[in-house]
């Protein structure tokens, strides 16, 4: 009993700690959608960014960290170095955010190995990434995601067809426990809405399901003819404030494009058949042409071999 009590107490303490962190009193929380560009501020003590180091941790409790920027210079050994840049104010820019970018980012400045300024953990940046993916049942369609600021949603387009069922999974990638995030004090929530911002739960044609993880919310529906260019958005709100969102736009293939492809295919097939017929004619006609050439050559040879006396002279009229 004592062991169970201590275990539950530990879980409770961890959840309270994470709730405290998410509330913004122990770090800067940045919520962003995949495909978006982000700027992470540095609480610098020196104006010279040559002393600046940016480190990254996948989880808050990780002892191991990756140095992205060392002495104001990018570390080219990191996979994301091409997407990183350092601004004149020592802020870190990350282009084309992916789900692998979520985690803890720490900015520090050092001179001769000594840290400058206070070790202010409340200025550490916690980056959380919102992403929408298509379920394997729709994997034959191609999709792409791009994103934007909270005021304008991110977009996704997939070439699919009416009558097909599609499932979209919206997930917030975070280094915190989503169970702590879902507490009443934080009011963190995922929501699927239509183009006008109406909750899709109010429409019976959509199945909105929450998984065991509060940071995942799925939408399933059967596509209709009128869904072409229709938009659905997954929103992430914190204390009833919109933090970021991902827009998914349905895009059917253009029938004119299909007709054009069919016409090109038919034309190519007709041309192929014409070429085959020409080749067949050439193959079967070749012996005939050769035979005619031999006959003509023999006739010409006989004419040339006649005796001069045998050649008829023209009649001269008196």
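All of the numbers you see were taken from the coordinates with simple rules; none came from a lab. Source: prediction; values computed, not measured. Note that each Cβ is placed from the backbone with ideal geometry, even for glycine, and that neighbours are counted across all protein chains shown.
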>> What does the extension gain come out to for residue 112 and residue 100, with contour length at 0.36 nm per residue minus their alpha carbon separation?
In response: 1.1 nm
> Contour minus end-to-end for residue 201 and residue 89, with contour as 0.36 nm per residue of separation and end-to-end as the Cα-Cα distance?
Replying inline: 35.8 nm
> What's the FRET efficiency of residue 231 with residue 39 using the Cβ-Cβ distance as r and R₀ = 35 Å, to the nearest 0.05?
Replying inline: 0.85
> Per the Kirkwood treatment, what hydrodynamic radius in Å, one decimal, follows for the stretch 26-127 from the mean inverse distance over all distinct Cα pairs?
Replying inline: 13.7 Å
> Using a simple spin-label model with points 7 Å from Cα along the Cα→Cβ vector, what separation in nm is obtained for residue 78 and residue 239?
Replying inline: 3.0 nm
> Using the 10 angstrom Cβ neighbour count as an exposure proxy, how do 231, 36, 226 rank, fewest first?
Replying inline: 226, 231, 36
> How do 168, 223 rank when sorted from fewest to most other Cβ atoms within 10 Å of their own Cβ?
Replying inline: 223, 168
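Most exposed first by the Cβ proxy, i.e. fewest other Cβ within 10 Å, how do 198, 193 rank?
With the fewest neighbours first, 198, 193 line up as 198, 193.
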> How high is the FRET efficiency between residue 135 and residue 187 when r is their beta carbon distance and R₀ equals 35 Å, given to the nearest 0.05?
Replying inline: 0.80
